[in-house]
């Protein structure tokens, strides 16, 4: 049993989430065609915040609301690490259409 538990809405279909989230990491339940619920846990809220962020999915916290504080603390810590880092962000050059990498070219992206 985990000391910290959470319920989150992942903003991806359950079959997409299941490709990255194993049953040992949490239980998934479909919520609709474009979202699912994840019930998961960890040793504490700080570990849980990093665990959820590392899925790579957009998400919403359903419960506990205290997880929001842990997510904010992680965001702030990562931001400070980026500010202290000596290496600048790599330059992104535009292609002939004026798009930079990761810039969608229209509905659904390129």
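Where a number appears in this text, it was derived from the coordinates with a stated rule and is not lab data. What you see is a predicted model; the values in this text were computed from it and never measured. For neighbour counting, all protein chains shown are included, and Cβ atoms are generated from backbone atoms with ideal geometry for every residue, glycine included.
Among 62, 21, the ranking by other beta carbons within 10 Å of each residue's beta carbon, starting with the fewest, stands as 62, 21. Across the stretch 4-78, the mean sequence separation of Cα contacts (distance under 8 Å, 6 or more residues apart), normalised by length, yields a relative contact order of 39 percent. With the highest mean first, a sort of the peptides 23-29, 70-76, 48-54 on other beta-carbon atoms found within 10 angstrom per residue produces 48-54, 70-76, 23-29. Value of Rg to Rh for the stretch 4-78, rounded to two decimals, is 0.95; Kirkwood radius and Rg both from alpha-carbon coordinates.
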